[in-house]
Amino acid sequence: MLIGLTGGIGSGKSAAAEHFQTLGIDVVDADLASRAVVEAGQPALAEIAEHFGADILDDHGRLDRAALRSKVFSNVAERKWLQNLLHPLINNYLVEQVANAQSDYCLLVNPLLIESGQQRWCDVVVVVDVAVATQINRTMARDDNTREQVQAIIDAQASRERRLEAADYVVTNDQDLDFLHSQINILHSNLLQRCQTHPE
């Protein structure tokens, strides 16, 4: 059974995914996939450098993600170009990783699960949810971004309302880690029971 986990930037998806891992669940992370397909030597990186210019590479020939982000988040057409290049490569990588999962169910973590259409791959969609103001404050503190930069990222993602509409389960992450973990423990038990009653 494939479980999709999503949430906006700063919602706590990573913390949630880490706890699922401690419970013995295989986690496939789209952010890791997006990095793997643009590693030095990968064809996609050469295409990106040709399109945006060599200044999106660092001194070691690796992708400068901050430089690329500054180009695409303020330009819808450029963001679409990048998505059209990377999404098929990321999808192929994710499909392979999910196929190799060994745990009772597999967790697919993707901040763009809804936007990418990958929720259609999933038997269950879990959304980690917080207020937008909390997303902004957490991300500013974590990444040293300006409020405007964080808001631009939020605006580029599915709205909170759209994510919640797609959710089978909602994990509210507006308190401490213990509160988050307690919700995931309950959800994990429910998912294991679902695996037993609806084996894939």
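The table below lists the values:
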read-out	value
Unmet requirement for LYS71, which otherwise passes all of (1) modelled with pLDDT under 95; (2) surrounded by 13 or more Cβ atoms within 10 Å (Cβ to Cβ); (3) part of a loop (DSSP other than H, G, I, E, B)	(3)
Options ASP104, ASP58: the member that is acidic (Asp, Glu) and touching a residue at least 60 places away in the same chain (Cβ under 8 Å)	ASP104
Cβ-Cβ under 6 Å pairs, at least 6 apart or on other chains, segment 151-162 side closer than 17 Å to ASN137 by Cβ, far side among the polar types (S, T, N, Q)	none
Residue that is surrounded by the fewest Cβ atoms within 10 Å (Cβ to Cβ), among those in segment 30-45 that are part of a loop (DSSP other than H, G, I, E, B) and in contact with a helix residue (DSSP H, G or I) (Cβ under 6 Å, 6 or more places away or on another chain)	VAL37
Single residue of GLN97, GLN119, GLN102, GLN83 found to be more than 27 Å from VAL150 (Cβ to Cβ) and part of a helix (DSSP H, G or I)	GLN97
From GLY41, GLY10, residue being touching a residue at least 60 places away in the same chain (Cβ under 8 Å) and of a type in the set (Gly, Ala, Ser)	GLY10
Qualifying helices (runs of 4 or more DSSP H) (wholly inside segment 131-200; at least 1 residues being surrounded by fewer than 12 Cβ atoms within 10 Å (Cβ to Cβ), in the same structural domain as LEU2 (by TED's automatic domain parsing) and among the acidic types (Asp, Glu))	147-156, 160-166, 177-197
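The values are calculated or read from the model by the stated rules, or taken from the named source; none is laboratory data. Bear in mind the structure is a predicted one, so any value in this text is a computation, not a measurement. Every residue, glycine among them, receives a Cβ derived from its backbone with ideal geometry; neighbour counts consider all protein chains shown.
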